[in-house]
Amino acid sequence: MTYLLNRLFSIVLTLWLISVITFAVTSILPGDVAMMILGTQSNPTALAGLREQLGLNDPLVAQYGRWIGGMLTGNFGHSLVFKEPIADLMAQKMKASALIVVMSMAIALICAVPLGVWAAVHRKKWQDTVSSSAALFGISLPDFFWGIVLILLFARTLGWFPSSGFTDPSVDFLGAIRHAFLPSLALGLGLMAHLTRVTRSTMTGILNQEFIRVARAKGLSEKSVVWSYGLRNAVGPIMTVAGLQVGYLFGSIIVVETLFNYTGMGWITYQALLNRDVPLIQTSVFFIAAVVMLTNFVVDLLYLLVDPRIRMQ
């Protein structure tokens, strides 16, 4: 219980620091919010009145208090670009981005774990060299490169998947999967390379431990030793690294969603930055940070379940 309370306190403190930094950074951005709303040809009197109405003339401390108070009560304000309540935008776009994040993580884990185990079992052989080289190649290339390659190959040449757009899963689930597949694969390839190296390193250490030699001495099959004994002990570290990579995924979706014109959280964050939509920038950054922190907290709880040694400590 003490551990959980400490983690919750750490999350709250971190989110508060993120809110302060986000508000401070967006407050010093160049440009005038009132002028963006009314236009560059607006009457100076109207501009001054709107600044007063929006509280832009108040001290920064008062503005921050008003903003964080609205966040706590669910009043995120209105987007200057989309002319909609930000809460409604977050509900729509987070659903779209969550689909990409879940699919890319599934692609990465399904491919990375077998590859990493295969490399660890055949350490210092050609299988290990092929797997490690492929992982290094995948890590070295950015997500937008994979996105361009996938668009040219699977969308333009083969025509198997759409190259842009978004479909709501609640309206057409299969259509949503088709639109999300290429962005998910572009994100998943880089993540797969990283998780392959982590799995290979973790399994190599575990397969050299004493309990593995005892299992082999008992006459258990190599398949049972590797997958039942070795991989079971590697699940914790792999799961921890995968959880930490959720932050990487949410950071990368800004580029990938813009490339595929996939209207999720990354796309609206880019539009907000492009048009200096300060309320939307503040809320989207804070919202993404909260999702990442919550995901890491859930991973910590799962680690307690899969590793009895942590529970004992």
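Of note:
- Pick from segment 220-256, criterion of a type in the set (Ser, Thr, Tyr) and within 20 Å of the chain's Cα centre (by Cα), ranking: nearest to GLN209 (Cα to Cα): THR240
- Which numbered condition ALA87 fails, given (1) under 18 Å from VAL235 (Cα atoms); (2) not assigned by TED's automatic domain parsing to the domain that holds PHE250: (1)
- Number of the exception - PHE287 against (1) open to solvent by 30 Å² or more (accessible area, probe 1.4 Å); (2) touching a residue at least 40 places away in the same chain (Cβ under 8 Å); (3) under 26 Å from LEU150 (Cα atoms): (3)
- The number of residues in segment 67-86 that are touching a residue at least 12 places away in the same chain (Cβ under 8 Å) and surrounded by 15 or more Cβ atoms within 10 Å (Cβ to Cβ) comes to 11.
- Members of segment 140-158 found to be of a type outside the set (Lys, Arg), open to solvent by 50 Å² or more (accessible area, probe 1.4 Å) and more than 30 Å from GLY205 (Cα to Cα), listed by number: PHE144, PHE145, ILE148, VAL149, LEU152, LEU153, THR157, LEU158
- So ALA48, is it assigned to a helix (DSSP H, G or I) and modelled with pLDDT under 75: yes
- Hits in segment 231-272 - residues which are in contact with an Asp or Glu (Cβ under 7 Å, 6 or more places away or on another chain) and surrounded by 21 or more Cβ atoms within 10 Å (Cβ to Cβ): SER252, VAL256, GLY264, GLY266, TRP267
- Any hit, segment 270-280, residues being touching a Pro at 6+ places or on another chain (Cβ under 7 Å) and outside any helix (DSSP H, G or I): no
Every residue, every condition in (1) basic (Lys, Arg); (2) modelled with pLDDT of 85 or more; (3) in a helix (DSSP H, G or I), yes or no:
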residue	(1), (2), (3)
PRO169	no, no, no
LEU187	no, yes, yes
THR196	no, yes, yes
THR199	no, yes, yes
ILE212	no, no, yes
TRP227	no, no, yes
LEU231	no, no, yes
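- Of all the criteria given as (1) surrounded by fewer than 20 Cβ atoms within 10 Å (Cβ to Cβ); (2) part of a helix (DSSP H, G or I); (3) not small (Gly, Ala, Ser), the one not satisfied by LEU220 is (2).
- Residues of segment 118-139 satisfying the condition of being in a helix (DSSP H, G or I) and open to solvent by 80 Å² or more (accessible area, probe 1.4 Å): TRP118, TRP126, THR129, LEU136, PHE137
- Residue match in segment 159-166 (condition: of a type in the set (Ser, Thr, Tyr), more than 19 Å from LYS95 (Cα to Cα) and in the same structural domain as VAL255 (by TED's automatic domain parsing)): yes
The values are calculated or read from the model by the stated rules, or taken from the named source; none is laboratory data. The model shown is predicted, which means the values in this text are computed figures rather than measured ones. Note that we place each Cβ from the backbone using ideal geometry, even for glycine, and neighbour counts take in every protein chain shown. These accessible areas exclude ligands, DNA and RNA; they are computed on the full protein's heavy atoms, side chains included. Shrake-Rupley method; radii C 1.70, N 1.55, O 1.52, S 1.80 Å.
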